[in-house]
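To keep things clear, I will list the structure first and then write my remarks on it.
The values are calculated or read from the model by the stated rules, or taken from the named source; none is laboratory data. Everything numeric here is computed off the predicted structure, so don't read it as measured data. Glycine gets a Cβ as well: all are built from the backbone with ideal geometry, and neighbour counts include every protein chain shown. For accessibility, only protein heavy atoms count, side chains too; no ligands or nucleic acids. Shrake-Rupley method; radii C 1.70, N 1.55, O 1.52, S 1.80 Å.
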Amino acid sequence: MTIKVLVVDDSALVRSLLAEIIRETSDMTLVGAAPDAYVARDMVNEFAPDVITLDIEMPRMDGLAFLEKLMKARPTPVVMISTLTEAGAEATLHALELGAVDFIPKPKLGVTSGIREYAELIVEKIRAAAAVRVKASVKKSQPDISPNQKAVISGRLQSTEKIIAIGASTGGTEAIKDLLMQLPTAVPGIVMTQHMPAGFTRTYAERLNKVTRLHVVEAKGGERILPGHAFLAPGGHHLVVVRSGADYIVKLSDAEPVHRHRPAVDVMMESVALAGGKNVLGVLLTGMGKDGAKGMLDIRNQGGYTFAQDEASCVVYGMPKEAVIIGGVDQVVALERMGAALLDKINTMGSGNRL
């Protein structure tokens, strides 16, 4: 199947570069290149593109306003083109909340060389977006914790021995948020890796801190992992967990990318498996590729317990699927039930029995 792509960007240079990349890709065809949202609207109606690349900063109507209208009138997979700035990060995260599938960072300098360097990534993200079933975005509120789970909160959840490791990629910013919103403040300490560039992770952590019951921060390195706290791997650095006496400590690493990612889920999960053994719960959410599959298997092999998001609730059923294939998953769970499944499992841990 040939993927019909519409490029929407007010920069003639960026339109030209993206158009060139799409034309050079055998399974894609460029149906149009629009300089603003109004031209884009007409092209959407005329060509019914499979995927739209959308700039956030445009005249007359910005990308966010257009995206919101598009998702209500004609839901279409969208990949945002965003600037590597704090304002760009805020806008991009809002776009993902509105229903965009993914984003591509636009270089601040050297646009021509920068976008060409991203060519392979751009093609991958467009392909992944084409396979997504776009759902209408719904504003989510924190679910109530059940009476049974409230009883657990005062018991095993308070333990500093347990640790939760969460990994995600495409679609993961919203999936991680949804999962954390299901968890109580007394949940064991959490470490998280979401594939994002430097400059985006601090803003993302701040947003999570505002909408969840947990204390969420971008990891700086050296922090003690405590119940009710969640540490996000910063863009450009791997997050590693080490044991120091009775404590788990966050470390950052500038080692080579793994699966072309830094931070990589596998690096985090492999370290957590070694540091925590049977006290680790691994969670692999929506994402493209196979990062995290081996780490999940390592957690299982060390006696920990692992959860993968199910296909129906994934934006892209790539990483969880790979973990299932290699035997790294104990339980496959829908995203909306993941928090309850984690709490139920924590309640049974310590008995020495695997479920």
- All conditions in (1) acidic (Asp, Glu); (2) surrounded by fewer than 21 Cβ atoms within 10 Å (Cβ to Cβ); (3) touching an Asp or Glu at 6+ places or on another chain (Cβ under 8 Å) are true of Asp330 except (3)
- Query: What about Val241, is it open to solvent by less than 10 Å² (accessible area, probe 1.4 Å) and assigned to a strand (DSSP E or B)?
  - Reply: yes
- Message: Going by what's in this entry, would Val250 be described as part of a loop (DSSP other than H, G, I, E, B) and open to solvent by less than 10 Å² (accessible area, probe 1.4 Å)?
- Response: no
- Item | Long-range neighbours under 6 Å by Cβ, at least six apart or interchain, first residue among the small types (Gly, Ala, Ser) and at pLDDT below 95 within segment 176-205, second surrounded by fewer than 24 Cβ atoms within 10 Å (Cβ to Cβ) and in a helix (DSSP H, G or I) | Ala186/Ile153; Ala186/Leu157; Ala186/Gln158
- Message: Please go through segment 146-175 and give me each residue that is modelled with pLDDT of 55 or more and of a type in the set (Val, Ile, Thr), ordered by number.
- Response: Thr160, Ile163, Ile164, Ile166, Thr170, Thr173
- Task: Give segment 10-34 a look and list any residue that's modelled with pLDDT of 95 or more, open to solvent by less than 70 Å² (accessible area, probe 1.4 Å) and either outside any helix (DSSP H, G or I) or in contact with a Phe, Trp or Tyr (Cβ under 8 Å, 6 or more places away or on another chain) (or both), or say none.
- Result: Thr25, Asp27, Met28, Thr29, Leu30, Val31, Gly32, Ala33, Ala34
- Message: Condition first: in contact with a Ser or Thr (Cβ under 7 Å, 6 or more places away or on another chain) and not hydrophobic (A, V, I, L, M, F, W, C). Now tell me which residues in segment 1-35 satisfy that.
- Response: Thr2, Lys4, Asp27, Thr29
- Task: Please state which one of Gly287, Gly236 is open to solvent by 10 Å² or more (accessible area, probe 1.4 Å) and either at pLDDT below 95 or within 17 Å of the chain's Cα centre (by Cα) (or both).
- Result: Gly236
- Determine whether Ala264 is in contact (Cβ under 8 Å) with a residue 40 or more places away in the chain and over 20 Å from the mean Cα position of the chain (by Cα). no
